[in-house]
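The values are calculated or read from the model by the stated rules, or taken from the named source; none is laboratory data. Worth saying up front: this structure is predicted, and the values here are computed from it rather than measured. Positions of Cβ are backbone-derived with ideal geometry, glycine not excepted, and every protein chain shown enters the neighbour counts.
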């Protein structure tokens, strides 16, 4: 790769290259490797880039002196305008709001788990086989909540319902029956989000 001189106005490009490398390798590369990745001829130039990214809140030093990404490193831009599913709209070049997906989806990290969905009983609620449900652990839920429940010693994801006969679990697929517990129904947690990755 051709060596270039450091240009402060290219920090966003250097950050993008670092983010791409980290996404693949899950580590901030060595100074020598960074010289190749960023196209610099000296370690001192690399040090300046890293220090600028540290000042911007993108990187930090570990207790052992290594470089590590901060939460800001993982933020992603949100388009200023929602995209319609019908008529196209012009693209705006205005500055975008940024969000970190983990922080957006999870309010209580110590109480939250990801549960992989199996089957198609909630397909009409937009929950597909293979999705990851973001579940906030709790013992109580309200009718209408999407819950992961333990009913008769089996886990299931359904909508919690209640009628004169008591609490029950409602699927979102007409091919599946309402589940009325024969014994105990426990709430494992409430579904607060959903993650799906397309191939």
If you take the residues of the range 36-45 that are over 30 Å from the mean Cα position of the chain (by Cα) and assigned to a helix (DSSP H, G or I), which of them is nearest to residue 10 (Cα to Cα)? 45
Here is a check on your reading of the model: is residue 18 modelled with pLDDT of 90 or more, assigned to a helix (DSSP H, G or I) and farther than 26 Å from residue 105 by Cβ? no
Under 6 Å between Cβ atoms, which residue pairs at least 6 apart in sequence (or on different chains) link something in the range 98-119 that is under 18 Å from residue 78 (Cβ atoms) with a partner that is in a strand (DSSP E or B)? 98/77; 99/78; 105/134; 105/193; 106/112
Using the structure shown, decide if residue 147 is in contact with a strand residue (DSSP E or B) (Cβ under 6 Å, 6 or more places away or on another chain) and at pLDDT 95 or above. yes
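Are any residues in the range 46-90 assigned to a strand (DSSP E or B), closer than 18 Å to residue 21 by Cβ, in contact with a helix residue (DSSP H, G or I) (Cβ under 8 Å, 6 or more places away or on another chain) and modelled with pLDDT of 90 or more, and if so, which ones?
We begin by selecting, within the range 46-90, every residue assigned to a strand (DSSP E or B); these are 59-61, 67-69, 76-78.
Okay, now just the ones that are also closer than 18 Å to residue 21 by Cβ, so 59-60, 67-69, 76.
Next, only the ones that are in contact with a helix residue (DSSP H, G or I) (Cβ under 8 Å, 6 or more places away or on another chain) stay: 59-60, 67, 69, 76.
The answer is 59, 60, 67, 69.
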Which of (1) modelled with pLDDT of 95 or more; (2) touching a helix residue (DSSP H, G or I) at 6+ places or on another chain (Cβ under 9 Å) does residue 109 not meet, given it meets every other one? (1)
Given the conditions (1) touching a helix residue (DSSP H, G or I) at 6+ places or on another chain (Cβ under 9 Å); (2) in the same structural domain as residue 74 (by TED's automatic domain parsing), every one holds for residue 174 apart from (2)
When the residues of the range 120-140 are filtered to those that are within 16 Å of residue 169 (Cα to Cα) and at pLDDT 95 or above, which remaining residue is surrounded by the most Cβ atoms within 10 Å (Cβ to Cβ)? 122
